[in-house]
Amino acid sequence: MKLGKYLAVLAALTLSLVFGAQTAPAADKDPIKIGVYLPLTGQNAFGGQLELEGVRLAQKEMPTVLDRPVELVVVDNKSDKVEAANAVKRLVERDKVVALIGTYGSSLAMAGAEVAEKAKVPGVGTSCTNPLVTQGKNYYFRACFIDPYQGAAAATYAFENLGFKKAAVLMDMTNDYAVGLSSFFSRSFKK
């Protein structure tokens, strides 16, 4: 339940941030369309499904903003970088969303963020931790700690609190998150 509450708070904050960034004029009672692009199928589906539950819970808690209904337009990015970029393009061009929420997975967020940046549509990455996701971006943000911070915190804890002087790192080389986080952990632990 703690994860669900975390995701609900994350989504509520995301919606608030996104609506604060909205500048497009609209009819008084037209819905505010928010695009949500998450991996609902494929290798990252479990995380994407959890985040979608959090976003929907936040919408249930905050169904209106600025006296207008919030409409979520959900697209599956299929845990694929090309599909993540295509999902954002569809949301922006076809569905005319004013903001974006997503996505789970840094590599997916990097692909989507490029499209959002070019379209000048604000977006908030939900759990993308790679620093490159937001680097040089004016329209794409994040709602979580980045890999360098997490890796350094884990290394400091292992060294100072647990007293470990040696560490071994096992990582899944096919997982961008594992590679990035383990790299930052290793660098910090060596220091």
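Quick note: the coordinates plus some simple rules give every number you see, no bench work behind them. Keep in mind the model is a prediction, meaning the values are calculated, not measured. With ideal geometry, Cβ positions are generated from the backbone for all residues, glycine too; neighbour counts draw on all protein chains shown.
To the nearest 10 degrees, how steeply does helix 176-190 sit against the main Cα axis of the chain, on a 0 to 90 scale?
40 degrees
Assigning unit charges at the beta carbon (Lys, Arg +1; Asp, Glu -1) and nothing else, what dipole magnitude in debye, to the nearest 20, does the chain show about its Cα centre?
That gives a dipole near 440 debye.
Mean shadow of the chain, computed from the convex hull of its alpha carbons, in nm²?
So the Cα hull casts an average projection of 11.7 nm².
From the P(r) of segment 147-190, could you give the percentage of C-alpha pairs in the tail past 18 Å?
Across segment 147-190, Cα pairs with separations above 18 Å total 22 percent.
What's the angle, to the nearest 10 degrees (0 to 90), between helix 45-61's Cα axis and the longest principal axis of the chain?
50 degrees
Give me the compactness ratio for segment 29-99, meaning the Cα radius of gyration over 2.2 N^0.38 Å.
Output field value: 1.14.
Among 33, 165, 78, whose mean-square fluctuation peaks in a Gaussian network model of the chain (Cα, cutoff 10 Å)?
Largest GNM mean-square fluctuation: 165.
If the limit is 29 Å between Cα atoms, which of 29/89; 29/78; 78/120; 33/78 go over it?
29/78
Quick check: the distance between the Cα centres of segment 114-143 and segment 74-97, to the nearest angstrom?
After rounding, the separation between the Cα centres reads 14 Å.
Considering the chain as a Gaussian network with a 10 Å cut-off on Cα pairs, which listed residue, 94, 56, 142, attains the greatest mean-square fluctuation?
In the Gaussian network model the winner is 94.
Where a Cα-Cα gap under 22 Å defines reach, which lysines qualify for residue 166, not counting those fewer than 8 residues away within the same chain?
By straight Cα distance, residue 166 reaches 190, 191.
Using only Cα atoms and rounding to the nearest 10 degrees, what angle (0 to 90) does helix 147-156 make with the longest principal axis of the chain?
Taking the Cα atoms of the chain, the angle to 147-156 is about 30 degrees.
Divide by every residue of the chain the summed helix terms, -39500 (n - 2.57) for each DSSP H run of at least 4, and state the resulting mean residue ellipticity at 222 nm, rounded to the nearest 500 deg cm²/dmol.
-15000 deg cm²/dmol
For the chain, set up a Gaussian network in which alpha carbons nearer than 10 Å are linked by springs, and say which option among 173, 62, 110 fluctuates the most.
Most flexible of the set in this elastic network: 173.
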